[in-house]
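The values are calculated or read from the model by the stated rules, or taken from the named source; none is laboratory data. Only a predicted model underlies this, so the values are computations on that prediction, with no experimental measurement involved. Cβ placement follows ideal geometry from the backbone for every residue including glycine, while neighbour counts extend to all protein chains displayed.
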Protein chains: 2
Amino acid sequence: GTRKKTQDPPIEHELFVSLEEIATGATKKMKISRKVLNSDNRSTRIEDKVLTIDIKPGWKQGTKITFPREGDQTPTTIPADIVFIIKDKPHPTFRRDGSDIIYTAKITLREALCGTIINVPTLDPSRVRKLQSNDIIKPTTEKRLTGDGLPNTKQPSIRGDIVVKFDIKFPDTISRDQRDMMAQILRN
Amino acid sequence: GTRKKTQDPPIEHELFVSLEEIATGATKKMKISRKVLNSDNRSTRIEDKVLTIDIKPGWKQGTKITFPREGDQTPTTIPADIVFIIKDKPHPTFRRDGSDIIYTAKITLREALCGTIINVPTLDPSRVRKLQSNDIIKPTTEKRLTGDGLPNTKQPSIRGDIVVKFDIKFPDTISRDQRDMMAQILRN
């Protein structure tokens, strides 16, 4: 017949990418299996195919990469598009916030009040940034280490920041003496 | 014609309700304006109507109350249903979490470390609960005051809790002397 063929709806796959891969860009090879029409235009065989995805530095979650008509072939329809959707792979150390990455430093109350030097990791395992604090660090304090975040998609030479947040560990108990002295010091 | 009439899609309105109203139950009167068919079954007039909503204690956000066929009348369609959807009116003091309400107490670092008594308000303006703390309050500490939360919808005599969280205000600065003493006390 000469009826117009309709296309199957797109087949979507999530593609989890690490922050390190987003930082540098990466190439992912995804193997798919699909039905391919034989030359009789009726029977099909299964074929494997490798689709190559070129992940650009700074790509955001939700970015879609479409491979047109790579779905199953049938005699009567147009094969579906295959779509990969970029997702952030959960990172053990960092959380993403746009082109910034968030690092939560665990410090003691003593360090928060009396000062400390924190070794802040970056996405480059060979690089650590030192953050010196002489002021009081409050639970809401944030410090920015510029230029070690993720690249801007349009201008990869421009990078976001590492935003350092603080998880301040309080002592579990203090003695009566300690408490009295503390009350004196923090009288104001 | 004898063609079957179709119904217009439901008309949804958000209905903002305070936590105090959820706690006790309340009656809301909502005035709507609607087109009503005249006796000629063709021309319409505008009529106001008051819909009464009986809010039961403990109702959750998203609860829907439907008034069937209270939308505009037309010669050719079935009037739409009018639907009210319960929303929490933002509260200056409390946040809702199921049948619990969350209260964030602002305390100083001194109070967090040395103990304090906090006056915790309730949804009943005439009632305050005293919360005594002799232990260290950490930024993650939560304390429960049972029975002053919101009623359970099915059994209004059962109520949730007030969950007290803490926002610990650190000093902005400390002197070098204070810092040295603090470092001594918090050595462990």
Q) Taking the range B:1-47 only, how many residues are out of contact with any Leu (no Cβ under 8 Å at 6 or more places or on another chain) and aliphatic (A, V, I, L, M)? A) 7
Q: Give the residue, chosen from B:T2, B:T6, B:T27, that is of a type in the set (V, I, T) and either closer than 15 Å to B:T66 by Cβ or modelled with pLDDT of 95 or more (or both).
A: B:T27
Q: Residues being within 19 Å of B:E20 (Cβ to Cβ), free of Cβ contacts under 8 Å to residues at least 60 places away in the same chain and not aliphatic (A, V, I, L, M): count how many of those fall in the range B:125-160.
A: 8
Q) Which residues, counting only those in the range B:112-169, are aliphatic (A, V, I, L, M) and within 14 Å of another protein chain (Cβ to nearest Cβ)? A) B:A112, B:L113, B:I136, B:I137, B:I168
Q. If you scan the range A:67-95, which residues turn out to be of a type outside the set (A, V, I, L, M, F, W, C) and within 30 Å of A:T122 (Cβ to Cβ)?
A. A:K87, A:D88, A:K89, A:P90, A:H91, A:P92, A:T93, A:R95
Q) Checking A:L37 against (1) of a type outside the set (S, T, Y); (2) surrounded by 15 or more Cβ atoms within 10 Å (Cβ to Cβ); (3) under 22 Å from the mean Cα position of the chain (by Cα), which test does it fail? A) (3)
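Yes/no matrix, rows are residues, columns are (1) surrounded by 14 or more Cβ atoms within 10 Å (Cβ to Cβ); (2) within 19 Å of the chain's Cα centre (by Cα); (3) charged (D, E, K, R):
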| position | (1), (2), (3) |
| --- | --- |
| A:K28 | yes, yes, yes |
| A:T52 | no, no, no |
| A:P57 | yes, yes, no |
| A:G71 | yes, no, no |
Q | Residues of the range B:92-117 satisfying the condition of being without any contact (Cβ under 8 Å) to a residue 60 or more places away in the chain and over 13 Å from B:I162 (Cα atoms) | A | B:P92, B:R110, B:E111, B:A112, B:L113, B:C114, B:G115, B:T116, B:I117
